[in-house]
Structures are given as C-alpha cells and as structure tokens.
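Data first, discussion second: the structure below is written as structure tokens.
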Amino acid sequence: MGLNRSFIGKEYEPSVHVVSTEEVIDYAWAIGARNLSYFNYNGAFNFSHESPAGMAPPSYAVTYELPMLEQVWSDPELHGGAEQAKKNVLMLVHGDQSMKFYKPIRPGDKLTFRTKVVDIEDKGSGELLKINVLTTNGNGEKVVESDWGLFIRGVGSGEKPKTAPSNGQPGKEAAPEPAIAFRDIIRIPADITYRYSKASNDMNPIHIDEQVAREAGLSGIIVHGLCTMSMTMRAIIESYLDSDPSKLKSLGVRFTAPVYPGDTIIVDGWEKGRENGHVVLGFDVTRKSDNVKVIKGGTAEVEV
C-alpha cells in the first residue's frame, strides 16, 4: 500500500529546542570529531559538560529534528493504518540528505524549527518521503535548513520511474577523472551505531538490533546514513577547510550502499567550480574492502 498523498504539503506546529553543551560534546564525540571549535569556548579547552562548548558540528541540527521526523514517518494515517505503519517503518532507510548552514549553532541558542512534508515520490521499488525542516533563531534569522529523503522499501508501484532522455552524443569521449583535492580515510568503530544512536536521538532498531536488521532484509546492523554523512562532513572540514566548520555552507549526499560497523571508507573530493561566491566540491565515499561507493555524487559548498 502506498503512502497517503494527502500528507503532501502538511506543515506541523513549530517546535522549540534549546541547545546544551552536553548535546554538542556528545554529538561531536559520536562522529569522531576532535575539532577544537566544538570544545573551545573563549580560549578554554573543555572536555566537560559543566562549561559551555564552542560551536556545534554543522550537522548537529539532526539531533533535535529526528524526534519530530519520527512522529511524521510513524504516523498510522500516513501508512493507512497502524499495522501497515509498523511494517513500513521496519523497511525505512535513509535515501538522501541535504543541508544548508546559515549561522553556527552554539550552546544556549534557543531555536525554533518547523517541519513540512514536501512530497511523496513513487520510485517503483518503494516510495520516497521528502521532508523539509527549517530552523530559525530568536531573531527570526535562518540557522539551518534540512531536506530529508526517507525511502520505504516495498510500497511502490513496482514500475520503474521514467527518466529524462540522455542528451549525450554517440561516440563522445567520457569526461576525464577530476583531480583529487583531498582524501581522507575513516575507520568505522565497531560500536559506532550504539554511540551515534544515543547522541543523535536516532533509535531505529536496524542500527542497534541484529535480529531486527535481518528481519528488515539487511545482512546485519548498518551504520546510520547520517552518521556516515557526518563523518564525511568531518573529513571535508579537516582535510579541506583547515578545520574551520564555519566555512561549510551546504552539504548534500545520496546514500547508495549501506555501511557496516568495522568498515573502512575513503572520502575523495574535488573542486567543481564556483557558485554564489563559494567553491563547490564534489565527493564520493568508497568502502575500501570491495570498492563499493556508499555515497556517490556528493556536493558541498564551502567558503575559502
């Protein structure tokens, strides 16, 4: 059964979140970030929860967005009933994510965010639930905007979506491989999903329960897509932006294969050009053991 199309355009009551130092530090540690910007306040090096940290990792916003999104994606009315909702949620995986960063988030900030269902797309093998979350500060200024693509396997029409015809010319040579601007190697800790679940408020059992993951058709526990994205974000900041997270202006990823605890992944990035006065980076993330791309065609807009 397909998702309820009457949800398209539905906007929920705004929610308020006050950022705490504990949340910032816990999230930074969960994604393996050791950047002083997340622990340093007024020149003081801080690893405790008692005194304020500096700014939050840019992707930290997902930690307060997730509980609201869970209410949306688990709503029985969206699925046509409680029983179908239970089945569909088990088959839910993260398809894609894009985020725009307007202002740094810091402990003590009082943030207001509103959530809206943008679209529901039939992908044949499942349906893509698209949700937008916009966060503003106490002055009404934009802080961060997130676009979520949540894929529910097995509820689509079974028909492959139509694709636009190619404008390529027969015999035209393939574009040369881009020159690599940065590379980072990330070794995924064996316990990453348990730590990230707690820090991010994402308790989807396919990330922390082996049996449930197998019931969902997976070969075992998989790493949260947002965790992979955030570790990739960390690589971009540390390898290309001189460890200055405030220079990251946007990030977009499409998850193309699962990542498992214990995997080693390689982040390769290159410069694509300039847009809006910023450098646009392209990047792929590849699992080392089998050369499978787990993120393909990622983009980031950065200030340099």
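Just so you know, all these numbers are worked out from the coordinates, no wet-lab data involved. Just so it is clear, the model here is predicted, and its values are computed rather than measured. Here the Cβ is made from the backbone with ideal geometry for all residues, glycine too, and neighbour counts use every protein chain on show.
For Val212 and Ser289 in one chain, what is 0.36 nm times their gap in residues minus the Cα-Cα distance, to one decimal in nm?
25.2 nm
If each DSSP helix of 4+ residues adds -39,500 (n - 2.57) and the sum is divided by the residues in the chain, what number results at 222 nm, nearest 500 deg cm²/dmol? Before the final figure, lay out the partial values.
Details: 7 runs with 66 residues, N = 304.
Only helices count here, giving -6000 deg cm²/dmol.
Quote the FRET efficiency, to the nearest 0.05, computed for Asp244 versus Glu77 with a Förster distance R0 of 41 Å and r equal to the Cβ-Cβ distance.
0.40
How large is Rg/Rh for the chain, to two decimals, with Cα atoms and a Kirkwood Rh?
0.96
Based on the Cα gyration tensor of segment 182-302, what are the three equivalent ellipsoid semi-axes, each the root of five times an eigenvalue, rounded to whole Å and given largest first?
Ellipsoid semi-axes (Å, largest first): 28, 15, 12.
Tell me the relative contact order for segment 182-302 as a rounded percent, counting alpha carbon contacts under 8 Å between residues six or more apart. If you can, show how the numbers build up before the last one.
Values: 231 pairs, mean separation 33.2, N = 121.
Here the relative contact order equals 27 percent.
Please list 3J(HN,Hα) in residue order for segment 137-144, calculated via the Karplus relation 6.51 cos²θ - 1.76 cosθ + 1.60 where θ = phi - 60°; whole Hz, with x for glycine and proline.
Per-residue couplings from phi come out as 9, x, 8, x, 7, 5, 10, 8 Hz.
Among all helices in the chain defined by DSSP H, which have a length of 15 Å or more along the axis from Cα atoms plus a Kyte-Doolittle mean of at least -0.5? Let's see the in-between values first.
Details: long enough: 62-73 (16 Å, 0.24); 225-240 (22 Å, 0.63).
Those that pass (Cα extent of 15 Å or more, hydropathy at least -0.5) are 62-73, 225-240.
Across segment 121-133, in residue order, what do the Karplus-derived ³J(HN,Hα) couplings come to in whole Hz, using 6.51 cos²θ - 1.76 cosθ + 1.60 with θ = phi - 60° and x for Gly and Pro?
Calculated HN-Hα couplings, in order: 10, 7, 9, x, 7, x, 10, 9, 8, 10, 10, 10, 10 Hz.
If you average the sequence gap of Cα pairs under 8 Å that are 6 or more apart and divide by the length of the chain, what percent do you get for the contact order?
Working: 648 pairs, mean separation 54.0, N = 304.
After rounding, I find 18 percent.
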